[in-house]
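Visitor: Got a structure for you, written out below as C-alpha coordinates; questions coming shortly.
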Amino acid sequence: MKVDGKPYRTIWLGSDGTTVQAIDQTLLPHAFVVRDLRNVADATNAIRNMVVRGAPLIGAAAAYGMALAMAEDPSDAMLARAYTLLLESRPTAVNLRWALDDLRSTLAPLPASKRRDAAYKRAAEICDEDVEICRRIGENGLVEIRRIVAAKPPGTTINALTHCNAGWLATVDWGTALSPIYQAHNAGIPIHVWVDETRPRNQGASLTAWELGKHGVPHTVIADNAGGHLMQHGKVDFCIVGSDRTTRRGDVCNKIGTYLKALAAHDNGVPFYVGLPYPTIDWTIEDGHRDIPIEERSAREVSHMTGRTDSGELATVALLPEGSAAANPAFDVTPARLVTGLITERGVCAASEAGLLSLYPEQSRAA
Ligand code: MRU
(Lines give C-alpha, C1' and ligand atoms only; values in the text may rest on other atoms or scores of the structure.)
Protein backbone atom coordinates (compact mmCIF):
# COMPACT_ATOMS: atom_id res chain seq x y z
CA MET A 1 0.00 0.00 0.00
CA LYS A 2 1.11 3.60 -0.40
CA VAL A 3 2.32 5.93 2.34
CA ASP A 4 2.21 9.51 1.10
CA GLY A 5 2.33 8.28 -2.49
CA LYS A 6 5.22 5.82 -2.02
CA PRO A 7 4.49 2.06 -2.16
CA TYR A 8 5.53 0.15 0.95
CA ARG A 9 5.43 -3.33 2.35
CA THR A 10 5.76 -3.79 6.11
CA ILE A 11 9.03 -5.75 5.82
CA TRP A 12 11.63 -6.05 3.08
CA LEU A 13 15.27 -6.88 2.38
CA GLY A 14 17.61 -3.90 2.57
CA SER A 15 19.84 -2.83 -0.34
CA ASP A 16 22.92 -4.55 1.21
CA GLY A 17 21.20 -7.92 0.68
CA THR A 18 21.51 -8.91 4.36
CA THR A 19 19.85 -6.35 6.61
CA VAL A 20 16.08 -6.63 6.89
CA GLN A 21 14.02 -3.47 7.18
CA ALA A 22 10.60 -3.05 8.77
CA ILE A 23 8.21 -0.22 9.59
CA ASP A 24 8.36 0.43 13.36
CA GLN A 25 4.72 0.02 14.42
CA THR A 26 5.37 1.13 17.99
CA LEU A 27 5.75 4.72 16.79
CA LEU A 28 2.71 4.97 14.53
CA PRO A 29 0.66 7.09 14.04
CA HIS A 30 2.98 9.78 15.41
CA ALA A 31 6.14 8.93 13.46
CA PHE A 32 6.94 6.83 10.40
CA VAL A 33 10.29 5.19 11.10
CA VAL A 34 11.97 2.26 9.36
CA ARG A 35 14.07 -0.06 11.58
CA ASP A 36 17.07 -2.13 10.54
CA LEU A 37 17.11 -5.74 11.75
CA ARG A 38 20.73 -6.87 11.56
CA ASN A 39 20.74 -10.22 13.35
CA VAL A 40 18.45 -12.84 14.84
CA ALA A 41 18.37 -11.01 18.19
CA ASP A 42 17.05 -7.89 16.45
CA ALA A 43 14.36 -9.93 14.71
CA THR A 44 13.35 -11.64 17.97
CA ASN A 45 13.14 -8.33 19.82
CA ALA A 46 11.18 -6.72 16.99
CA ILE A 47 8.53 -9.46 17.29
CA ARG A 48 8.52 -9.51 21.11
CA ASN A 49 8.29 -5.72 21.45
CA MET A 50 5.69 -5.42 18.67
CA VAL A 51 7.83 -3.32 16.32
CA VAL A 52 6.26 -5.83 13.92
CA ARG A 53 2.99 -7.48 14.89
CA GLY A 54 -0.07 -9.17 13.43
CA ALA A 55 -0.04 -12.90 12.77
CA PRO A 56 1.05 -12.97 9.10
CA LEU A 57 3.73 -10.31 9.61
CA ILE A 58 5.05 -12.14 12.67
CA GLY A 59 5.47 -15.20 10.43
CA ALA A 60 7.26 -13.17 7.75
CA ALA A 61 9.55 -11.54 10.32
CA ALA A 62 10.38 -14.94 11.81
CA ALA A 63 11.31 -16.25 8.35
CA TYR A 64 13.67 -13.31 7.87
CA GLY A 65 14.92 -13.87 11.43
CA MET A 66 16.03 -17.35 10.39
CA ALA A 67 17.75 -15.84 7.34
CA LEU A 68 19.59 -13.33 9.55
CA ALA A 69 20.66 -16.21 11.80
CA MET A 70 22.05 -18.11 8.81
CA ALA A 71 23.94 -15.01 7.68
CA GLU A 72 25.56 -14.89 11.14
CA ASP A 73 26.35 -18.59 11.42
CA PRO A 74 24.86 -21.31 9.19
CA SER A 75 25.65 -24.17 11.63
CA ASP A 76 23.18 -26.78 12.89
CA ALA A 77 23.56 -25.31 16.37
CA MET A 78 22.51 -21.85 15.17
CA LEU A 79 19.60 -23.29 13.21
CA ALA A 80 18.27 -24.92 16.39
CA ARG A 81 19.02 -21.87 18.56
CA ALA A 82 17.39 -19.38 16.17
CA TYR A 83 14.30 -21.60 15.87
CA THR A 84 13.86 -21.68 19.66
CA LEU A 85 14.65 -18.00 20.21
CA LEU A 86 12.16 -16.86 17.59
CA LEU A 87 9.48 -19.37 18.62
CA GLU A 88 9.55 -18.01 22.16
CA SER A 89 9.13 -14.38 21.04
CA ARG A 90 5.30 -14.48 21.07
CA PRO A 91 3.03 -17.42 21.91
CA THR A 92 -0.38 -17.02 20.29
CA ALA A 93 -0.11 -16.38 16.53
CA VAL A 94 0.49 -19.78 14.96
CA ASN A 95 1.96 -18.23 11.80
CA LEU A 96 5.19 -17.91 13.80
CA ARG A 97 5.55 -21.66 14.24
CA TRP A 98 4.36 -22.28 10.68
CA ALA A 99 7.09 -20.04 9.22
CA LEU A 100 9.81 -21.44 11.49
CA ASP A 101 8.88 -25.04 10.63
CA ASP A 102 8.97 -24.15 6.96
CA LEU A 103 12.42 -22.53 7.20
CA ARG A 104 13.84 -25.32 9.35
CA SER A 105 12.69 -28.06 6.98
CA THR A 106 14.05 -26.08 4.00
CA LEU A 107 17.43 -25.46 5.62
CA ALA A 108 18.19 -28.57 7.70
CA PRO A 109 18.92 -30.91 4.75
CA LEU A 110 21.25 -28.36 3.08
CA PRO A 111 25.02 -28.07 3.60
CA ALA A 112 25.88 -25.04 5.77
CA SER A 113 27.41 -23.22 2.77
CA LYS A 114 24.03 -23.11 1.02
CA ARG A 115 21.82 -22.16 3.98
CA ARG A 116 22.19 -18.40 3.96
CA ASP A 117 21.02 -17.89 0.38
CA ALA A 118 18.30 -20.52 0.68
CA ALA A 119 16.93 -18.85 3.83
CA TYR A 120 16.73 -15.40 2.25
CA LYS A 121 15.11 -16.87 -0.86
CA ARG A 122 12.48 -18.74 1.17
CA ALA A 123 11.76 -15.72 3.39
CA ALA A 124 11.21 -13.58 0.29
CA GLU A 125 8.89 -16.25 -1.15
CA ILE A 126 6.86 -16.33 2.09
CA CYS A 127 6.46 -12.55 1.89
CA ASP A 128 5.41 -12.63 -1.77
CA GLU A 129 3.00 -15.45 -1.05
CA ASP A 130 1.47 -13.52 1.85
CA VAL A 131 0.80 -10.55 -0.42
CA GLU A 132 -0.96 -12.74 -2.98
CA ILE A 133 -2.95 -14.61 -0.29
CA CYS A 134 -4.14 -11.36 1.25
CA ARG A 135 -5.09 -9.97 -2.14
CA ARG A 136 -7.23 -13.06 -2.71
CA ILE A 137 -8.82 -12.80 0.76
CA GLY A 138 -9.83 -9.32 -0.36
CA GLU A 139 -11.37 -10.60 -3.59
CA ASN A 140 -13.31 -13.32 -1.77
CA GLY A 141 -14.46 -10.93 0.94
CA LEU A 142 -15.57 -8.46 -1.70
CA VAL A 143 -18.09 -11.03 -2.94
CA GLU A 144 -19.65 -11.05 0.57
CA ILE A 145 -19.64 -7.26 0.73
CA ARG A 146 -21.35 -7.04 -2.66
CA ARG A 147 -24.09 -9.35 -1.29
CA ILE A 148 -24.61 -6.99 1.66
CA VAL A 149 -24.66 -3.99 -0.70
CA ALA A 150 -27.23 -5.67 -2.96
CA ALA A 151 -29.68 -5.95 -0.06
CA LYS A 152 -29.58 -2.17 0.55
CA PRO A 153 -31.09 0.72 -1.40
CA PRO A 154 -28.69 1.80 -4.19
CA GLY A 155 -25.99 4.24 -3.05
CA THR A 156 -26.32 3.40 0.66
CA THR A 157 -23.05 3.61 2.59
CA ILE A 158 -22.14 0.23 4.09
CA ASN A 159 -20.84 0.27 7.65
CA ALA A 160 -18.22 -2.27 8.70
CA LEU A 161 -16.86 -2.71 12.21
CA THR A 162 -13.35 -4.01 12.84
CA HIS A 163 -11.30 -4.77 15.92
CA CYS A 164 -7.54 -4.47 16.44
CA ASN A 165 -5.45 -4.07 13.29
CA ALA A 166 -5.81 -6.70 10.61
CA GLY A 167 -4.85 -4.41 7.77
CA TRP A 168 -1.72 -4.23 5.66
CA LEU A 169 0.35 -3.35 8.72
CA ALA A 170 -0.48 -6.76 10.21
CA THR A 171 0.59 -8.61 7.06
CA VAL A 172 3.18 -7.98 4.37
CA ASP A 173 0.62 -6.04 2.32
CA TRP A 174 -3.18 -5.68 1.84
CA GLY A 175 -4.18 -7.16 5.23
CA THR A 176 -6.67 -9.88 6.04
CA ALA A 177 -9.83 -8.29 7.48
CA LEU A 178 -9.13 -4.95 5.80
CA SER A 179 -8.28 -6.37 2.38
CA PRO A 180 -11.97 -6.79 1.39
CA ILE A 181 -12.60 -3.26 2.68
CA TYR A 182 -9.78 -1.81 0.56
CA GLN A 183 -11.04 -3.72 -2.46
CA ALA A 184 -14.62 -2.54 -1.88
CA HIS A 185 -13.40 1.06 -1.53
CA ASN A 186 -11.24 0.70 -4.66
CA ALA A 187 -14.28 -0.67 -6.54
CA GLY A 188 -16.24 2.48 -5.70
CA ILE A 189 -18.54 0.92 -3.08
CA PRO A 190 -19.38 3.57 -0.46
CA ILE A 191 -17.98 2.00 2.71
CA HIS A 192 -17.32 3.41 6.17
CA VAL A 193 -15.46 1.59 8.95
CA TRP A 194 -16.10 1.74 12.69
CA VAL A 195 -12.64 1.20 14.19
CA ASP A 196 -12.49 -0.21 17.74
CA GLU A 197 -9.66 1.61 19.51
CA THR A 198 -8.54 -1.80 20.91
CA ARG A 199 -7.21 -1.13 24.37
CA PRO A 200 -4.71 -1.61 25.80
CA ARG A 201 -2.25 -1.36 22.87
CA ASN A 202 -4.66 0.69 20.74
CA GLN A 203 -3.93 -1.08 17.47
CA GLY A 204 -7.25 0.20 16.14
CA ALA A 205 -6.79 3.84 17.10
CA SER A 206 -3.10 3.94 16.21
CA LEU A 207 -2.70 1.58 13.26
CA THR A 208 -6.05 0.78 11.62
CA ALA A 209 -7.13 4.42 11.65
CA TRP A 210 -3.72 5.44 10.26
CA GLU A 211 -3.71 3.02 7.37
CA LEU A 212 -7.38 3.55 6.46
CA GLY A 213 -6.74 7.29 6.50
CA LYS A 214 -3.66 6.97 4.26
CA HIS A 215 -5.78 5.05 1.74
CA GLY A 216 -8.70 7.47 1.97
CA VAL A 217 -11.21 5.02 3.46
CA PRO A 218 -13.83 6.85 5.58
CA HIS A 219 -13.63 5.65 9.17
CA THR A 220 -14.54 6.59 12.73
CA VAL A 221 -12.64 5.44 15.83
CA ILE A 222 -14.88 4.28 18.66
CA ALA A 223 -14.26 3.22 22.24
CA ASP A 224 -14.16 -0.55 22.50
CA ASN A 225 -17.43 -0.57 24.41
CA ALA A 226 -19.43 1.29 21.73
CA GLY A 227 -19.85 -1.50 19.16
CA GLY A 228 -22.80 -3.26 20.83
CA HIS A 229 -24.75 -0.02 21.03
CA LEU A 230 -24.09 0.77 17.36
CA MET A 231 -25.24 -2.71 16.38
CA GLN A 232 -28.46 -2.33 18.40
CA HIS A 233 -29.17 0.84 16.43
CA GLY A 234 -28.63 -0.73 12.99
CA LYS A 235 -25.41 1.17 12.38
CA VAL A 236 -23.23 -1.86 11.62
CA ASP A 237 -23.85 -3.94 8.47
CA PHE A 238 -21.12 -6.45 9.17
CA CYS A 239 -18.16 -7.07 11.45
CA ILE A 240 -14.84 -8.27 10.08
CA VAL A 241 -11.76 -9.19 12.08
CA GLY A 242 -8.51 -11.10 11.62
CA SER A 243 -7.23 -14.14 13.47
CA ASP A 244 -4.05 -15.20 15.22
CA ARG A 245 -4.97 -18.86 15.28
CA THR A 246 -8.06 -20.66 14.01
CA THR A 247 -8.64 -24.23 15.09
CA ARG A 248 -9.57 -27.20 12.94
CA ARG A 249 -13.24 -26.77 13.90
CA GLY A 250 -13.30 -23.01 13.31
CA ASP A 251 -12.80 -21.45 16.76
CA VAL A 252 -11.11 -18.10 16.21
CA CYS A 253 -8.46 -16.68 18.50
CA ASN A 254 -7.91 -12.95 17.96
CA LYS A 255 -7.14 -9.78 19.87
CA ILE A 256 -8.78 -9.47 23.29
CA GLY A 257 -12.30 -8.08 22.93
CA THR A 258 -13.10 -9.86 19.66
CA TYR A 259 -15.34 -12.34 21.50
CA LEU A 260 -17.50 -9.55 22.97
CA LYS A 261 -18.02 -8.10 19.49
CA ALA A 262 -19.02 -11.52 18.18
CA LEU A 263 -21.55 -11.90 21.01
CA ALA A 264 -23.07 -8.50 20.27
CA ALA A 265 -23.15 -9.26 16.53
CA HIS A 266 -24.89 -12.58 17.18
CA ASP A 267 -27.48 -10.95 19.43
CA ASN A 268 -28.24 -8.33 16.79
CA GLY A 269 -28.19 -10.51 13.66
CA VAL A 270 -25.09 -8.74 12.31
CA PRO A 271 -22.85 -10.98 10.13
CA PHE A 272 -19.48 -11.62 11.79
CA TYR A 273 -16.67 -12.50 9.36
CA VAL A 274 -13.08 -13.50 9.96
CA GLY A 275 -10.41 -12.99 7.29
CA LEU A 276 -7.48 -15.37 7.53
CA PRO A 277 -4.73 -16.95 5.44
CA TYR A 278 -4.04 -20.70 5.57
CA PRO A 279 -0.93 -20.42 7.81
CA THR A 280 -3.25 -19.12 10.57
CA ILE A 281 -5.16 -22.41 10.68
CA ASP A 282 -3.81 -24.75 13.35
CA TRP A 283 -4.93 -28.17 12.10
CA THR A 284 -3.45 -29.85 15.18
CA ILE A 285 -6.09 -28.51 17.58
CA GLU A 286 -9.87 -28.41 17.77
CA ASP A 287 -10.86 -26.64 20.98
CA GLY A 288 -9.65 -23.06 21.01
CA HIS A 289 -10.36 -22.51 24.71
CA ARG A 290 -8.42 -25.53 25.83
CA ASP A 291 -5.54 -25.58 23.40
CA ILE A 292 -4.50 -22.06 22.39
CA PRO A 293 -1.87 -20.37 24.56
CA ILE A 294 -3.12 -16.87 25.40
CA GLU A 295 -0.35 -14.30 25.70
CA GLU A 296 -0.27 -12.39 29.00
CA ARG A 297 1.42 -9.06 28.41
CA SER A 298 2.77 -6.49 30.83
CA ALA A 299 0.28 -4.85 33.20
CA ARG A 300 1.96 -1.57 32.29
CA GLU A 301 0.16 -1.65 28.93
CA VAL A 302 -3.10 -1.33 30.90
CA SER A 303 -1.93 1.01 33.63
CA HIS A 304 -0.19 3.52 31.34
CA MET A 305 -0.90 5.13 28.00
CA THR A 306 1.35 6.97 25.55
CA GLY A 307 0.17 9.67 23.18
CA ARG A 308 1.00 13.03 21.65
CA THR A 309 0.43 16.15 23.68
CA ASP A 310 -1.04 19.30 22.14
CA SER A 311 2.49 20.67 21.93
CA GLY A 312 3.51 17.72 19.75
CA GLU A 313 5.65 15.72 22.17
CA LEU A 314 5.05 12.10 23.07
CA ALA A 315 4.16 11.56 26.71
CA THR A 316 3.35 8.52 28.80
CA VAL A 317 0.82 8.93 31.59
CA ALA A 318 -0.38 6.70 34.42
CA LEU A 319 -4.12 5.90 34.48
CA LEU A 320 -4.65 3.90 37.66
CA PRO A 321 -4.69 4.79 41.34
CA GLU A 322 -1.44 3.86 43.01
CA GLY A 323 -1.56 0.32 44.26
CA SER A 324 -4.25 -0.99 41.88
CA ALA A 325 -3.28 -4.17 40.10
CA ALA A 326 -3.82 -4.60 36.35
CA ALA A 327 -4.05 -7.74 34.20
CA ASN A 328 -3.47 -7.97 30.49
CA PRO A 329 -4.62 -11.10 28.62
CA ALA A 330 -3.88 -10.17 25.00
CA PHE A 331 -6.19 -12.52 23.06
CA ASP A 332 -9.52 -14.30 23.39
CA VAL A 333 -11.28 -17.13 21.59
CA THR A 334 -14.53 -16.66 19.69
CA PRO A 335 -16.34 -19.99 19.39
CA ALA A 336 -17.09 -21.12 15.84
CA ARG A 337 -20.87 -20.89 16.46
CA LEU A 338 -20.61 -17.07 16.58
CA VAL A 339 -18.76 -16.77 13.25
CA THR A 340 -20.79 -16.24 10.07
CA GLY A 341 -17.98 -17.12 7.68
CA LEU A 342 -14.24 -17.61 7.37
CA ILE A 343 -12.83 -15.66 4.43
CA THR A 344 -9.67 -17.33 3.15
CA GLU A 345 -7.51 -17.17 0.03
CA ARG A 346 -9.41 -20.21 -1.28
CA GLY A 347 -12.91 -18.85 -0.70
CA VAL A 348 -15.45 -18.37 2.08
CA CYS A 349 -16.57 -21.26 4.28
CA ALA A 350 -18.56 -22.03 7.39
CA ALA A 351 -16.60 -21.89 10.66
CA SER A 352 -16.58 -25.66 11.16
CA GLU A 353 -14.33 -28.60 10.43
CA ALA A 354 -16.53 -29.52 7.44
CA GLY A 355 -16.40 -25.93 6.19
CA LEU A 356 -12.63 -25.70 6.43
CA LEU A 357 -12.12 -29.13 4.88
CA SER A 358 -14.30 -28.12 1.92
CA LEU A 359 -11.60 -25.55 1.12
CA TYR A 360 -8.58 -27.56 2.34
CA PRO A 361 -9.43 -31.21 1.55
CA GLU A 362 -5.74 -32.14 1.81
CA GLN A 363 -6.08 -31.61 5.61
CA SER A 364 -8.72 -34.29 6.07
CA ARG A 365 -7.50 -36.98 8.45
CA ALA A 366 -8.03 -39.59 5.73
CA ALA A 367 -5.99 -37.66 3.12
O1 MRU B 1 -0.98 -8.25 19.39
P2 MRU B 1 -1.06 -8.03 17.91
O3 MRU B 1 -1.13 -6.61 17.51
O4 MRU B 1 0.03 -8.81 17.17
O5 MRU B 1 -2.45 -8.71 17.53
C6 MRU B 1 -2.86 -8.70 16.19
C7 MRU B 1 -4.20 -9.24 16.01
O8 MRU B 1 -4.85 -9.72 16.91
C9 MRU B 1 -4.71 -9.27 14.60
O10 MRU B 1 -6.09 -9.04 14.57
C11 MRU B 1 -4.41 -10.65 14.05
O12 MRU B 1 -3.04 -10.91 14.10
C13 MRU B 1 -4.89 -10.81 12.67
S14 MRU B 1 -3.82 -9.98 11.58
C15 MRU B 1 -4.01 -10.00 10.04
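Visitor: As an exercise, use a Förster radius of 35 Å and the Cβ-Cβ distance of ASP310 and ARG290 to find the FRET efficiency, rounded to the nearest 0.05.
Guide: Numbers: r = 48 Å, r/R0 = 1.37.
So the FRET efficiency works out to roughly 0.15.
Visitor: According to the square roots a ≥ b ≥ c of the eigenvalues of the Cα gyration tensor, what is the shape class of the stretch 2-129, taking rounded for a/c under 1.5, prolate for a/b larger than b/c otherwise, and oblate for the remainder?
Guide: prolate
Visitor: Answer with one residue from SER364, ALA93, ILE137: the one whose Cα lies farthest towards the positive end of the charge dipole of the chain, charges on Cβ with Lys, Arg +1 and Asp, Glu -1.
Guide: Value computed over the given set: ILE137.
Visitor: What are the residues whose amide H is under 5 Å from the amide H of HIS219, where those residues sit 5 or more places off or on another chain and H is modelled from the backbone?
Guide: VAL193
Visitor: By how many nm would the segment from VAL3 to ASP73 lengthen if fully extended, with 0.36 nm per residue of separation less the alpha-carbon distance? Could you put the intermediate results ahead of the total?
Guide: Numbers: separation 70, 0.36 × 70 = 25.20 nm, distance 3.55 nm.
Full extension from VAL3 to ASP73 adds 21.6 nm.
Visitor: Got a sec? Which residues in the stretch 280-294 would a label at ARG337 touch, if it sits 7 Å along Cα→Cβ and we count backbone N under 20 Å?
Guide: Zone members listed by number: 286-292.
Visitor: Quick one: Cα centre-to-centre distance for the stretch 50-71 and the stretch 204-270, in angstrom?
Guide: 26 Å
Visitor: Semi-axes of the equivalent ellipsoid for the chain, please: Cα gyration tensor eigenvalues, times 5, square-rooted, ordered largest first, whole Å. Don't skip to the answer; put the middle values down first.
Guide: Details: eigenvalues 198, 123, 83 Å².
Here the semi-axes work out to 31, 25, 20 Å.
Visitor: Oh, and also: Using 0.36 nm times the number of residues separating SER105 and ALA187, minus their current alpha carbon distance, what extension gain do you get?
Guide: Here the segment from SER105 to ALA187 would lengthen by 25.4 nm.
Visitor: Still on this model: Measure off, as a whole percent, the carbon and sulfur share of the 1.4 Å-probe accessible area of the chain, all protein chains present.
Guide: On the chain, the fraction of accessible area on carbon and sulfur atoms equals 52 percent.
Visitor: Tell me which lysines have Cα within less than 17 Å of LYS214's Cα, excluding those fewer than 8 residues away on the same chain?
Guide: Straight-line reach from LYS214, under 17 Å: LYS2, LYS6.
Visitor: Under 8 Å for C-alpha pairs, at least 6 residues apart: give me the relative contact order for the stretch 126-258, rounded to a whole percent.
Guide: It comes to 26 percent, rounded to a whole number.
Visitor: Quick one: Cα centre-to-centre distance for the stretch 105-138 and the stretch 291-345, in angstrom?
Guide: Rounded to whole Å, the Cα centres lie 31 Å apart.
Visitor: Using the beta-carbon distance between THR84 and GLN21 and R0 = 22 Å, what value does 1/(1 + (r/R0)^6) give for FRET efficiency, to the nearest 0.05? The partial results should precede the final answer.
Guide: Numbers: r = 25 Å, r/R0 = 1.13.
Calculated value: 0.35.
Visitor: From a point 7 Å beyond the Cα of VAL317 in the direction of its Cβ, which residues of the stretch 4-29 have a backbone N at a distance under 19 Å?
Guide: From the stretch 4-29, the list is 29.
Visitor: Still on this structure, please answer the following. I'd like to check one number: the per residue accessible area of the chain, probe 1.4 Å, reported in Å² as a whole number.
Guide: 41 Å²
Visitor: Between GLU362 and ARG38, what is the spin-label point distance in nm, taking each point 7 Å from the Cα along the Cα→C-beta axis?
Guide: 4.0 nm
The values are calculated or read from the model by the stated rules, or taken from the named source; none is laboratory data. This structure is a prediction, so every number in the text was calculated from the model and none was measured. Using ideal geometry, Cβ is built from the backbone for each residue, glycine included, and neighbour counts are taken over all protein chains shown. Surface areas here come from the heavy atoms of the whole protein model, side chains and all, with no ligands, DNA or RNA. Shrake-Rupley method; radii C 1.70, N 1.55, O 1.52, S 1.80 Å.
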